[in-house]
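Reviewing the structure listed below.
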Amino acid sequence: MNCGPLGGTTGYFRNTSHHYDTSKSKIIRCMNEPAMNWEHVERNWSEYKLNARMRWSRLSRDELDRIAGDREKLVGKICEAYGMSAEEAQLQLAAWRAALREVNPFR
């Protein structure tokens, strides 16, 4: 599934010919991605945390180290650092994850 960012959400996307569907319903479906996809992020957190730091620059390196790939901890820290709801943090996380798949579709 190819998911795009929520309107107004900044992200790092590769230029492609794909049309990004910015409908909230499609992003919410991406939020419910199979657990295995997030398990890959968790297992390889050292590879993903720099990208997460670029996306959420208010999170310190120490915080990202303590998060250690735990999705719920990451959502909580995003909420805390940016003063947003858990739902909005989940939407941003889904858009970030979709962007990572766009850059490397084999993940």
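No value in this document is a laboratory result; all are computed from the given coordinates. This is a predicted model, so every value here is computed, not measured. Positions of Cβ are backbone-derived with ideal geometry, glycine not excepted, and every protein chain shown enters the neighbour counts.
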Would you mind ranking D65, D70 by Cβ crowding within 10 Å, fewest neighbours first?
D65, D70
Length gained when the stretch S57-H40 is fully extended (0.36 nm per residue, less Cα-Cα span):
3.9 nm
